[in-house]
Amino acid sequence: MKRSLFFVLLLAVAVFASGFDLDKDMALSKANQNFRAQAAEALEKGQAEQLAQIEKDAAAFADSVGYVKPLFRENEVILVRFLEKDYAFLAKVDSVKEYDYSPSVYDRFGDVLSVYFRKMKESGELEKELEQVPNASDRAFVRVVIARCMNVSRQELSAMIEKYTGDLTDENQLRYLVQKYWYKEGFDMETYACVASGVTYNMMLGDVSKSLDDGIGINADVDFTYKNFFFELRIAIEMNEYKTDEDLNYVGGGFGIDIGRSIPIVADHLHLRPYVGVGFGVSELRWSDEDYVDNVYPSFGAGAIADVFFNSTTSMRFGLRLRGGIRTFSAGPRDISSGANFYTELAFVVLETKYKEFKFEYPEKK
C-alpha cells in the first residue's frame, strides 16, 4: 500500500514539473519569436551589428525564467556567427558540425537571413568579409561552410573544395569538408582502353634513304591507360620503293611496345601521349617468288600521340589520332644498310571507359 502511494506521489510531481516546464517553454518560445522578429528587422535595415545584442537580450530572458531555448536554429547559428565576425568559432570543426544542417522550419528571420547573404554575395561584400579571416586554411574552410549554409549545390561545393585544397592545410578541416560535402562521379578519363587504325607516311633518314624512297603504310594500335600511364601494342606494315633496282620490291613492318604518359589537355576531348618504344622490325627484299631476302632487326624509338575525341557524353568515344615519331631502321643486306624512319600517322580511334564514383585524392603531407 505504501509503495503504491509512493509511485502515485512521484507521478503527481512529474506531471506538475512537466506542466511547469511546458509553461516556461511556451513563454520562451513566444519571447524568442519577438527576438527573432527584431533580428529580422535589424537585417532588413542593414544593421547586422545589432544581432549580438539581440542574442544577449534573448539569453538574459531565458536565464530569468530558468529555461534554455536557443534563439537561432541549426545553420542560422553559423551565419549569425559570421556576421558577428566570430571567426575562431567558425574555424573549429567541432563547432561547425554541431549546427551544420538546414533548419526544418523557416520563418521571417530565416527568409530575411537567406536574402541578406544572397545580396552580400551579389554585391561582393561576402568576399570582402571572407578576406578578413586571418588564416588561409580557416578562410577556405569558412568559405565552403558558408556556401553550404547558403544551399549551394553539392557539385559546386565539391568544385570549391578541389579549388581550395591547397589552402586547406588543416587536415581536420579538409577531411571534414570532403567527408561531409565532396562527391564526384563521371567517366573515368584516367583509366581506359583504345583501339586505332590508320595510314602512315614514312620518311627515310640516314644511309637507308639513299636506297629507299619515302613511302606509306598502315598501322593498327591497341593501348591501355591506367591512371594516365600509357601502354601500347602496335603493328605496322610499310611499303617503299627501291631507288636503284626496278625489279626489287621492298615490304617492311614490325611489332612494337610503347610506354609513356597520357596528359589530358582538355579532359574529355584532347589527350597528349609522349612515349618511348622497343620492338622488332621485319623487312623483305624480293626480286621474284624464289629470289628474296628477309631481315629481322631490333628497333627503338620515341614519339607522341594526340587523340582528339568528338563526343564526351558516353563511355565510348570516337575521334582522330595524330602521331609523329622516329625509330631505328634496317632494311637488310646489299647497299641498303641502316638509318631511321620518321613517321606520321592519321588514324581513326575508339576509346572505351567506364562511369564511376571518384575518390578524393588528399595532398601528400609535407
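The values are calculated or read from the model by the stated rules, or taken from the named source; none is laboratory data. Quick caveat, the model's predicted, so the values are computed rather than measured. Here Cβ is always computed from backbone atoms with ideal geometry, including for glycine, and neighbour counts include all displayed protein chains. Please note that ligands, DNA and RNA were not included when accessible areas were found on the heavy atoms of the full protein model with its side chains. Shrake-Rupley method; radii C 1.70, N 1.55, O 1.52, S 1.80 Å.
Among the listed residues Y99, Y106, identify the single one that is without any contact (Cβ under 8 Å) to a residue 12 or more places away in the chain and aromatic (F, W, Y).
Going through Y99, Y106 in turn, just one is without any contact (Cβ under 8 Å) to a residue 12 or more places away in the chain and aromatic (F, W, Y): Y106.
Would you check which residues across segment 134-156 are farther than 18 Å from L43 by Cα and touching a Leu at 6+ places or on another chain (Cβ under 8 Å) and list them?
Passing the criteria: S137, D138, R139, A140, F141, V142, R143, V144, V145, A147, R148.
Sort through F89, F72 and tell me the only one that's in contact with a Ser or Thr (Cβ under 8 Å, 6 or more places away or on another chain) and more than 23 Å from R154 (Cβ to Cβ).
F89
Taking the stated definitions as given, is I78 of a type outside the set (G, A, S), assigned to a helix (DSSP H, G or I), open to solvent by less than 30 Å² (accessible area, probe 1.4 Å) and over 20 Å from Y183 (Cα atoms)?
When the stated conditions are applied, I78 passes them.
Quick check: is even one residue across segment 37-50 in contact with a Phe, Trp or Tyr (Cβ under 7 Å, 6 or more places away or on another chain) and either without any contact (Cβ under 8 Å) to a residue 24 or more places away in the chain or part of a loop (DSSP other than H, G, I, E, B) (or both)?
No, segment 37-50 contains no residue that is in contact with a Phe, Trp or Tyr (Cβ under 7 Å, 6 or more places away or on another chain) and either without any contact (Cβ under 8 Å) to a residue 24 or more places away in the chain or part of a loop (DSSP other than H, G, I, E, B) (or both).
Would you confirm, using the coordinates I've provided, whether S338 is of a type in the set (S, T, N, Q), at pLDDT below 90 and under 24 Å from the mean Cα position of the chain (by Cα)?
It is false that S338 is of a type in the set (S, T, N, Q), at pLDDT below 90 and under 24 Å from the mean Cα position of the chain (by Cα).
Does I265 satisfy the condition of being assigned to a strand (DSSP E or B) and surrounded by fewer than 13 Cβ atoms within 10 Å (Cβ to Cβ)?
Yes, satisfied.
Answer with yes or no whether D167 is outside any strand (DSSP E or B), in contact with a strand residue (DSSP E or B) (Cβ under 7 Å, 6 or more places away or on another chain), of a type outside the set (K, R) and open to solvent by 10 Å² or more (accessible area, probe 1.4 Å).
Taking the combined requirement at face value, the residue does not satisfy it.
Here are some residues: F231, F187. Which one is within 30 Å of R327 (Cα to Cα) and either in contact (Cβ under 8 Å) with a residue 12 or more places away in the chain or open to solvent by 10 Å² or more (accessible area, probe 1.4 Å) (or both)?
F231
What are the residues in segment 100-121 that are hydrophobic (A, V, I, L, M, F, W, C), in a helix (DSSP H, G or I) and loosely packed, with under 15 Cβ neighbours inside 10 Å, if any?
Selection gives V115 alone.
Kindly provide the set of residues from segment 153-210 that are within 19 Å of K359 (Cβ to Cβ) and among the acidic types (D, E), ordered by number.
E162, E171, E185, D188, E190, listed by residue number.
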